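Worksheet: the structure to be examined is printed underneath.
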Amino acid sequence: MTVTLADILSAAATIRGRADATPMAPSVFFEGRHGHPFWLKLEIAQPIGAFKLRGALNAVASLPPDAAGVTCCSTGNHGRGVAYAAQERGVRAVVCMSELVPRPKVEGIRALGAEVKIVGRSQDAAFAESERLARDEGLVAISPFDDPKVIAGQGTIGLEMLARCPELDTLLIPLSGGGLAAGVAAAAKAINPGIRCIGVTMDRGAAMYESLKAGKPVEVEEVESLADSLGGGIGLENQLTFSMCRDLLDDVVLVTEAEIYHALQMLYHEERLIAEGACVVGMAAVEAGKVDLTGPTGTILTGRNLDMDVFTRIVTGQDVTLGDTVIEGRPYAA
Ligand SMILES: *Cc1c(COP(=O)(O)O)cnc(C)c1O
């Protein structure tokens with residue numbers, strides 16, 4: 001099973017006028033620093049503040065007409081996307097999340113009219129609860145990443161990036177469950193088979209990275225990260241994203257919390273942009289010398305649903321405490 005260019009083109013038609021055509025901004029600063037054009041796809045401009053609306057709208061559009069409603073588990077942005085899409089269609093949505101999810105994300109989802117269930121300390125517990133609701137209450141469960149409609153929806157970002165900038169040579173794609181990377185790489189490689197697609201994620205609790213290394217889906221321990229949207233497992237019963245990421249990604253690169261901290265400062269002070277830690281992993285990898293640029297490069301600023309207290313501490317150079325680790329503060333310097 002896989003997701004094809006035809007599925008992604010069909011998703012593009014479904015979401016047209018509702019979650020498409022976000023801006024693509026060139027980073028003059030980053031190009032000057034690293035010697036190649038560098039493009040930022042601004043999914044922070046989505047109505048819910050994150051790209052996940054694309055996949056959610058595409059999945060909700062394919063519900064059977066008599067569906068009682070939808071359920072999902074989410075670190076936040078998928079929940080927001082599903083809540084928004086369900087509200088638009090006028091169906092019930094129940095979003096299950098772990099206790100690790102930051103409060104503003106929980107409240108953002110309630111504000112979109114969805115019911116929120118907080119269960120356990122891991123994404124896996126939230127997943128089990130959404131499966132139970134699907135069984136017992138007849139709701140349709142929408143996976144945040146391992147669903148062909150969701151992958152196709154996220155893939156529309158790849159179509160738009162290559163339409164805007166056909167000469168892109170490398171895509172740096174934030175990677176968690178892999179719905180975004182699978183969809184974007186499927187679209188990009190269908191259009192230009194030579195394009196380099198690199199997944200980037202944090203070096204602690206990197207479920208897809210560890211799974212690709214092991215040759216099969218494995219569980220990892222979840223830890224708090226500045227890139228909280230990249231946390232969570234890929235599911236031991238993974239159907240699609242593991243094999244698609246294995247077949248389509250040229251590499252997966254890991255970045256540290258200190259590297260994410262620096263890249264968030266850079267995006268704010270140089271580009272005047274506010275984005276989640278998950279967005280800057282591509283820039284962080286380049287800054288850390290972990291990816292060599294070989295031509296015009298694009299990355300995706302995936303979302304802006306962040307904890308403002310933490311963000312303010314970062315851009316003002318203060319320490320940030322995440323669970324049992326302290327990321328040492330330092331003032332921004334290019
Ligand atoms: C979900 C998410 C990602 C990662 O997407 P996957 O499809 O799970 O790999 C990256 N950034 C943000 C802001 C997200 O919400």
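Taking amide H as placed 1.01 Å from N in the peptide plane, L306 has no amide H partner under 5 Å among residues 5 or more places away or on another chain.
Put simply, the Cα atoms of the chain extend 55, 44, 39 Å along their principal axes, the longest span coming first. Can you give the FRET efficiency for H269 and D292, using 1/(1 + (r/R0)^6), R0 = 25 Å, r = Cβ-Cβ distance, to the nearest 0.05? Once the sixth-power term is evaluated, E becomes 0.55. Let a ≥ b ≥ c be the square roots of the eigenvalues of the Cα gyration tensor of the stretch 23-78; is it rounded (a/c under 1.5), or, if not, prolate (a/b larger than b/c) or oblate? Prolate shape, in that a/c is at least 1.5 and a/b is the bigger ratio. Scalar couplings 3J(HN,Hα) for the stretch 5-16, obtained by applying the Karplus form with A = 6.51, B = -1.76, C = 1.60 to θ = phi - 60°, are 4, 4, 4, 6, 5, 5, 4, 4, 5, 5, 8, 4 Hz; x denotes Gly and Pro.
For E222, no residue whose modelled amide H falls within less than 5 Å of its own remains once neighbours fewer than 5 places apart on the same chain are excluded.
Considering only E31, E276, E259, the Gaussian network model of the chain with Cα springs below 10 Å gives its largest mean-square fluctuation to E31. Taking M244, M266, M308 as the candidate residues, the one with maximal mean-square fluctuation in a Gaussian network model of the chain, Cα springs under 10 Å, is M308. Placing unit charges on the Cβ atoms of the charged side chains and taking the dipole of the chain about its Cα centre, the candidate lying farthest along the positive direction among P102, P296, A6 is A6. Rounded is the label for the stretch 78-156, because the ratio a/c of its alpha-carbon gyration tensor axes (a ≥ b ≥ c) stays below 1.5. Among the GluC sites (Glu not before Pro) found in the stretch 127-172, those both in a DSSP coil and sparsely packed, with 13 or fewer other Cβ atoms within 10 Å of their Cβ, are E167.
Label zone (R89, point 7 Å along Cα-to-C-beta; backbone nitrogen cut-off 19 Å) within the stretch 104-136: 109-110, 112-116, 130-136. Checking every one of the trypsin sites (Lys or Arg not before Pro) in the stretch 211-281 against DSSP loop status and a limit of 11 other Cβ atoms within 10 Å picks out R272. Neighbour counting of Cβ atoms within 10 Å sorts the residues T4, T321, T256, fewest neighbours leading, into T321, T4, T256.
Converting phi to 3J(HN,Hα) with the Karplus coefficients 6.51, -1.76 and 1.60 and the offset θ = phi - 60°, the stretch 167-183 yields 8, 3, 10, 9, 10, 9, 10, x, 10, 10, x, x, x, 5, 5, 4, x Hz in sequence order, with x at every glycine or proline.
Of the two radii for the stretch 276-320, the radius of gyration is 1.06 times the Kirkwood radius, both from the alpha carbons; that is the Rg over Rh value. Between R18 and A128, the modelled labels are 3.4 nm apart [label points 7 Å from Cα along Cα→Cβ].
In this structure, the amide hydrogen of G329, modeled 1.01 Å from its nitrogen in the peptide plane, lies closer than 5 angstrom to those of D319, V320, counting only residues at least 5 positions away or on a different chain. Here the stretch 52-141 is assigned +1 on the Cβ of each Lys and Arg and -1 on the Cβ of each Asp and Glu. Its dipole about the Cα centre then comes out at about 300 debye. With the charge dipole of the stretch 173-279 set up from +1 on Lys and Arg Cβ and -1 on Asp and Glu Cβ about the Cα centre, the Cα lying farthest toward the positive end among the listed residues T256, A207, N238 is that of N238. Looking at the stretch 102-144, the trypsin sites (Lys or Arg not before Pro) that sit in a DSSP loop and have at most 15 other Cβ atoms within 10 Å of their own Cβ are R121. Please label the shape of the stretch 55-123 as rounded, prolate or oblate, based on the square roots a ≥ b ≥ c of the eigenvalues of the alpha-carbon gyration tensor (a/c under 1.5 means rounded; beyond that, a/b larger than b/c means prolate, else oblate). Note, shape of the stretch 55-123 comes out prolate.
Values quoted throughout were computed directly from the atomic coordinates according to the rules given, and no laboratory measurement underlies them. Nothing here was measured: the structure is a model prediction, and the numbers come from that model. Heads up, the Cβs are rebuilt from the backbone with ideal geometry, glycines too, and the neighbour counts pull from every protein chain shown.
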